[in-house]
Every structure is written in structure tokens, then in C-alpha cells.
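First the structure, in the form of C-alpha cells, and then the observations on it.
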Amino acid sequence: MSVDGQASQPIIKGDGFKTSDGTLYVSKPFKSRSSKKLRALITFAPRQSAFDINNENSVANEFRGFFSLFWTSIFIFTVRTYVRSIETNGHALNLAFATMFSKDAITLALSDAVLVGSTSICVLFAKAISAGWIRYYWTGVIIQHIFQTTVLVIAVGWTFNRQWPWVQSGFFTLHSLVMIMKIHSYMAVNGYLQSVSEQSQSMLNQLRQATDSEGGWDRAMLIAKEHRAELDAASAIGSSGSSPFGEASPTGTPAIPDGVQTSYVDPDTAKALRNRLASMSDANGVVNADTKRVVESLNDPGANKKTDEPVPSLANPHPLIDHPNEKISNIARDYSELQGELVSTGPLYIVWPKNITFKNFAVYMLIPTLVYELEYPRTNRIRPLYVFEKTVATFGTFVLLYTVTESFILPYTPTYDQSFFRSLLDLALPFMMAYLLLFYIIFECICNAFAELSCFADRQFYEDWWNSTSQAEFSRKWNKPVHSFLLRHVYASTMTSYKLSKQSAMFVTFLLSACIHELVMVIVTKKFRFYLFALQLIQIPLIALNSVPFIKRSKLLGNLIFWVGLYAGFPLLCVAYVAY
């Protein structure tokens with residue numbers, strides 16, 4: 001499956017928006033004129049998670065008291081549960097469940113270590129790709145998918161071989177899937193960039209041939225420089241100092257008509273936005289590199305050994321882009337865009353393939369994201385107290401999760417002769433509590449802890465999914481890392497590779513997601529039932545139903561339908577898989 005590339009192009013097409021800090025986002029894939037590839041623009045920026053106590057926006061939210069109310073209520077509920085258990089059974093908790101999920105723990109830990117260590121093979125693959133020993137399209141793609149399939153088959157086979165309980169089997173399977181997604185993104189992005197590098201080299205050769213008609217390369221460069229000086233002089237005379245986001249400005253940004261959702265960001269404006277974002281991030285501990293020094297280092301002729309040319313980028317386009325000959329100018333523009341994809345968006349401006357190192361891969365594996373980039377927004381230090389806070393929160397919340405599971409889920413495990421609706425009623429609230437606690441452990445505690453350890457500044461692992469008015473909105477917001485992966489490497493990628501329509505690509509995405517979810521249930525329950533598979537695919541007509549004007553207009557009704565579905569879904573799956 002082909003990759004959609006890097007989000008570094010100055011031209012952005014599709015439905016999108018710009019935040020107050022200057023970060024640009026789009027919600028649909030777009031095409032680059034030069035590479036002709038359909039890509040999903042996944043943007044990383046310094047952000048904090050909604051429930052982080054260090055998040056100033058959350059602290060100032062008018063509903064912040066409900067967060068304190070929730071944890072206070074959970075604490076009182078847990079103490080009450082312990083007291084009643086002591087009065088009834090003579091102990092606060094039954095540890096039978098603990099003995100089950102601690103079974104064969106050493107083997108599980110060693111198996112997981114082998115799984116993680118085996119992913120380093122990807123670095124050797126990427127080095128072979130960058131050296132030209134393997135062409136990614138399509139030899140590399142085949143090797144990549146054989147490797148990923150082998151990892152999955154071995155992981156699934158190993159769980160059945162060890163006869164682990166459902167907790168160990170579920171953990172090892174899910175972690176294997178996470179590793180597969182991470183290595184897929186790493187291999188696919190580096191493979192795609194090999195293709196971009198070859199295209200840029202071909203474009204440079206075309207550019208050299210085009211300048212032959214203008215008296216040669218040096219003569220064309222001189223003409224372009226003179227033409228740039230003429231344009232700057234004319235611009236200085238006629239400039240009115242208009243904003244680049246309003247009417248046409250001296251930088252060449254065209255006016256955007258009202259109601260049109262297409263925008264153009266010229267290289268100078270793109271550079272200004274990045275600098276503004278970096279400067280605003282200082283308060284959050286984000287490194288603000290010396291952009292001028294870094295860009296100047298890219299102009300070192302030794303930086304591009306294949307061509308002995310400076311490395312053009314968004315902030316530093318090729319000089320021939322200013323040539324009066326339209327053909328030369330267009331080729332130079334396309335060449336600059338292709339070269340821009342080989343350079344990260346800053347502040348370090350890493351150039352491919354200098355990113356292909358074991359150290360870079362190790363840091364990527366530590367970063368809680370499933371989408372590989374040449375560079376991520378980073379913090380300048382690790383806060384030990386923050387890591388300690390998230391560690392304590394992880395174990396504390398796990399105790400609450402264990403209490404709910406041991407006291408209110410396992411004792412009410414349904415059987416085939418038990419009333420179906422009574423089982424749903426008994427399990428609805430405990431499963432919802434368990435889901436909320438598990439969500440908090442994974443996305444607020446563990447992800448933030450690993451982000452802090454890896455100095456990863458983008459902490460938006462989820463959005464306000466609790467306000468969702470449809471299943472489509474929920475799937476976008478509750479698990480941002482997986483959504484970003486599916487958007488780039490499945491949805492947009494299938495549109496590129498197989499020329500699918502948006503509707504067909506969405507169906508393929510849901511189908512793959514349903515297959516993976518059902519695989520996990522098969523491994524955990526040792527049953528082929530396809531209940532979860534069916535529920536996943538049912539979301540497609542539900543999404544269409546939520547687009548009905550009556551439902552779409554009523555946010556309250558949409559949110560109510562969402563919560564009822566979520567409340568019913570968990571116990572329904574439990575009863576279906578356990579009792580039937």
C-alpha cells in the first residue's frame with residue numbers, strides 16, 4: 001500500500017481551516033502538482049491533552065468542576081465497594097483476577113521485548129531503499145507487506161501456543177498491531193521519499209536541459225536573479241502593505257473569494273507561520289531553533305551530494321523559479337516542491353535520508369504516534385515530576401479499573417440460560433465505567449508519559465469525543481493516533497493506489513478496521529462469531545443516518561443517540577461473545 005507523503009507542500013486544497021496560532025489543517029486529501037500523489041495532510045503542532053492539569057484552556061473551562069466531581073464520585077464509590085466487600089467477604093478485593101492476568105508474566109515480557117526489537121529490521125530496509133539497492137515501488141512494497149504479515153502471523157500463533165488468558169492475549173495482540181502500524185508508516189514514508197528523490201533528480205535534469213535554450217545554466221541563473229530584482233523593485237513601488245490573507249500581497253498570495261475553501265500559502269508566508277508557531281510555543285518548552293542558521297546550512301553545496309546544488313525547500317525555493325521563461329519557472333517550482341518534501345518543516349529541517357538512523361528510529365518508537373515524520377514538534381526538557389504524576393495516575397486508575405472489573409463485571413458474566421436483557425442492564429454501567437477508566441489510562445496517562453520521555457510536544461491524543469453527535473465524529477476524535485494512521489495510510493492511500501472514490505475508500509477503511517477488531521476478539525475469546533465485525537460495518541449506514549437534516553440540526557439528539565449506542569454496545573458484545 002503506497003504512502004501519501006509528507007505534509008510540507010505550500011499548496012493546500014480541500015476543506016480546511018487555520019487556527020489562531022497559524023497552524024494549517026485540512027480534513028481531506030489533496031494533490032500536489034509536482035508529484036501527482038494524493039496525500040492526507042497530517043499536522044503535528046505543540047498541543048496539550050484536554051484532561052492535562054497543566055492545560056490552561058482546560059483549567060479555564062466552565063465545566064472543569066465536573067472533572068473533579070467525576071473523580072470524587074469514583075473515589076467514594078470505590079471506598080463504599082471496599083467497605084461492603086469487607087463486611088460480606090472479609091476482604092476488600094478478591095485477587096483471583098490478579099492471579100489470572102499475572103500468569104506467565106515473564107514469558108509475556110520477553111515476548112514483547114522480542115517483538116519490539118524485531119522492528120529494528122525496518123532501519124536496514126530503509127537504508128537499502130535510500131542506497132538504491134531496492135526500489136520501493138514495487139519490490140519494496142512487496143517486501144514490506146510480507147514482513148508485516150509475518151510479524152502478525154507469528155504474534156497470533158504465539159498467543160495460541162502459550163494458551164494465555166484473555167488479558168495477556170489481548171495485550172500482546174494489540175501491541176503487535178501497534179508495532180505493525182508504526183513500522184508500516186516508517187517503511188512507507190521512507191519508501192515514498194525515495195520515489196520523491198528520484199522524481200526530483202529527474203526534474204533537475206529537465207531543468208538543466210530547459211536552460212540550454214537560454215544560454216546555459218549560469219546564464220539562466222543570472223537572468224532569474226535580474227528578473228527577481230525587477231519584480232522586487234516593482235513590488236516596492238506598487239505595494240500597499242496588504243495582508244497576505246486578504247487581498248493580493250507583494251509576496252504573491254492571491255485573494256481568496258468569500259465562501260471558497262481553497263487557499264494558497266506562498267513560501268514566505270509558510271515560513272512566517274512556522275516562525276510564529278515556534279515563537280508562541282516557547283512558553284510550553286518547545287525548542288525554537290535558529291531558523292536562519294538552519295536554512296543557511298541547507299544551502300551548503302555538500303548537503304546534496306548527488307547534484308551539488310543547494311537544497312530548495314518551502315522557505316528557500318530554487319532561484320530559477322523567478323526566471324521569465326514560464327517553462328523554466330514551472331519546472332523550478334515543481335523541483336522546489338519535490339525537494340521541499342525531502343526536508344522536514346522545522347525547526348531542525350532534517351533532510352532525507354539523513355533521518356535513517358537507529359537512533360532516529362528508536363526515538364520514533366518511543367513517541368506515541370503511529371504516523372512517521374522526518375521531524376516532530378519537541379520540548380526542550382523532560383519534567384521528572386510530570387512523568388511521576390502520570391505514573392502514579394496510571395497505577396491509581398488501574399486500581400479503580402481492577403475494582404470495577406472484579407466487583408461488578410466478572411460476577412455478572414452472562415450465561416446462555418440467563419436473561420439477555422437482564423445481563424445488558426447489569427453490565428451497562430460497569431462497562432461504561434471500565435471504558436472511561438481504560439481510556440484515561442491509555443490516552444491521558446500512558447501516552448502523555450511516553451510523550452514527555454520522548455520530548456514529543458503534540459499531546460492531542462484525543463479530542464472532545466464525549467460531545468460527539470455521530471459515530472463518524474466519535475471515530476475521528478476518541479483515538480487520534482489510529483485515526484491519523486487510517487487517514488494517511490488506508491483512506492488516502494487506497495484512493496491513490498487503486499483509484500477508489502471517497503465512498504469506496506471509506507468503506508475499505510471501515511472494513512479493515514472491522515477485520516482487525518474482530519481478529520482481536522477471536523484471539524481473546526477463541527471464538528469466530530463476527531459480532532463486532534458486524535457492529536463496525538453498521539456504523540456506515542448510521543453515518544448516513546446522522547446526515548439526515550432533522551438529526552443533523554439537533555446536536556442534543558445526536559449526542560443522546562451516540563451515548564445510548566455506546567452504553568448498549570459494550571454489554572451487548574460481552575453477552576454475545578461470552579454467552580453465545
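The values are calculated or read from the model by the stated rules, or taken from the named source; none is laboratory data. The model shown is predicted, which means the values in this text are computed figures rather than measured ones. Counting neighbours? That spans all protein chains shown, and the Cβs are built from the backbone with ideal geometry, glycine included. When the accessible area is computed, the model is the full protein with side chains, heavy atoms only, and any ligands, DNA or RNA have been set aside. Shrake-Rupley method; radii C 1.70, N 1.55, O 1.52, S 1.80 Å.
Structure notes:
- Of all residues in the stretch 560-580, those satisfying the criterion of being open to solvent by less than 30 Å² (accessible area, probe 1.4 Å) and either of a type in the set (Gly, Ala, Ser) or not in a helix (DSSP H, G or I) (or both) are 569, 576, 579.
- Restricting the stretch 423-463 to residues that are aromatic (Phe, Trp, Tyr), closer than 22 Å to residue 378 by Cβ and part of a helix (DSSP H, G or I), the residue that is least open to solvent (accessible area, probe 1.4 Å): 443
- Any chance residue 492 is farther than 28 Å from residue 400 by Cα and touching a strand residue (DSSP E or B) at 6+ places or on another chain (Cβ under 6 Å): yes
- Restricted to helices (runs of 4 or more DSSP H) entirely inside the stretch 92-140, those with at least 3 residues that are without any contact (Cβ under 8 Å) to a residue 40 or more places away in the chain and not hydroxyl-bearing (Ser, Thr, Tyr) are 105-118, 121-130.
- Taking the stretch 349-381 as the range and being among the hydroxyl-bearing types (Ser, Thr, Tyr) and not in a loop (DSSP other than H, G, I, E, B) as the test, the residues that pass are 364, 379.
- Among the residues of the stretch 383-401, the one identified as within 24 Å of the chain's Cα centre (by Cα) and among the aromatic types (Phe, Trp, Tyr) is 386.
- If you filter the stretch 370-422 down to residues that are touching a helix residue (DSSP H, G or I) at 6+ places or on another chain (Cβ under 8 Å) and acidic (Asp, Glu), you find that the one that is surrounded by the most Cβ atoms within 10 Å (Cβ to Cβ) is 373.
- Whichever residue in the stretch 537-559 is within 28 Å of the chain's Cα centre (by Cα) and among the charged types (D, E, K, R) and, among such residues, is surrounded by the fewest Cβ atoms within 10 Å (Cβ to Cβ): 555
- Considering the conditions (1) free of Cβ contacts under 8 Å to residues at least 24 places away in the same chain; (2) open to solvent by 20 Å² or more (accessible area, probe 1.4 Å), residue 478 is excluded by exactly one of them, (1).
- Taking each residue of the stretch 356-379 that is more than 15 Å from residue 43 (Cβ to Cβ) and looking for partners that are surrounded by fewer than 21 Cβ atoms within 10 Å (Cβ to Cβ) and among the basic types (Lys, Arg) with beta-carbon atoms closer than 7 Å, six or more apart or interchain, yields 356/127.
- Whichever residue in the stretch 551-579 is more than 11 Å from residue 467 (Cα to Cα) and charged (D, E, K, R) and, among such residues, is modelled with the highest pLDDT: 553
- Cross-chain or 6+ apart pairs with Cβ under 7 Å, the stretch 485-502 first and in contact (Cβ under 8 Å) with a residue 60 or more places away in the chain, then open to solvent by less than 10 Å² (accessible area, probe 1.4 Å) and among the aromatic types (Phe, Trp, Tyr): none
- Taken over the stretch 208-222, the residue count meeting the criterion of being touching a residue at least 24 places away in the same chain (Cβ under 8 Å) and either under 18 Å from residue 335 (Cα atoms) or open to solvent by less than 30 Å² (accessible area, probe 1.4 Å) (or both) is 4.
- Pairs, first among the basic types (Lys, Arg) in the stretch 545-565, second surrounded by 14 or more Cβ atoms within 10 Å (Cβ to Cβ), C-beta under 9 Å, six or more apart: 552/469; 552/470; 552/546; 552/558; 555/469
- Filtered residues of the stretch 498-510 (kept if surrounded by 15 or more Cβ atoms within 10 Å (Cβ to Cβ) and part of a helix (DSSP H, G or I)): 505, 506, 507, 508, 509, 510
- Hits in the stretch 505-521 (condition: in contact with a Phe, Trp or Tyr (Cβ under 6 Å, 6 or more places away or on another chain) and not small (Gly, Ala, Ser)): 509, 518
- Number of positions in the stretch 90-131 that are among the basic types (Lys, Arg) and modelled with pLDDT of 95 or more: 1
- Options 534, 472, 514, 492: the member that is hydrophobic (A, V, I, L, M, F, W, C), at pLDDT below 95, in a helix (DSSP H, G or I) and surrounded by 21 or more Cβ atoms within 10 Å (Cβ to Cβ): 492
- In the stretch 335-345, the condition of being open to solvent by 20 Å² or more (accessible area, probe 1.4 Å) and either free of Cβ contacts under 8 Å to residues at least 60 places away in the same chain or closer than 24 Å to residue 481 by Cβ (or both) is met by at least one residue.
- Among the numbered conditions (1) open to solvent by less than 60 Å² (accessible area, probe 1.4 Å); (2) of a type in the set (Phe, Trp, Tyr); (3) over 21 Å from residue 441 (Cα atoms), the only one that residue 358 does not meet is (1).
- Residue within the stretch 168-176 that is open to solvent by less than 80 Å² (accessible area, probe 1.4 Å) and among the aliphatic types (A, V, I, L, M) present: no
- Given (1) more than 36 Å from the chain's Cα centre (by Cα); (2) under 28 Å from residue 325 (Cβ atoms); (3) at pLDDT below 80, number of the condition residue 240 does not satisfy: (2)
- Selection within the stretch 141-177 - without any contact (Cβ under 8 Å) to a residue 40 or more places away in the chain and not in a helix (DSSP H, G or I): 163
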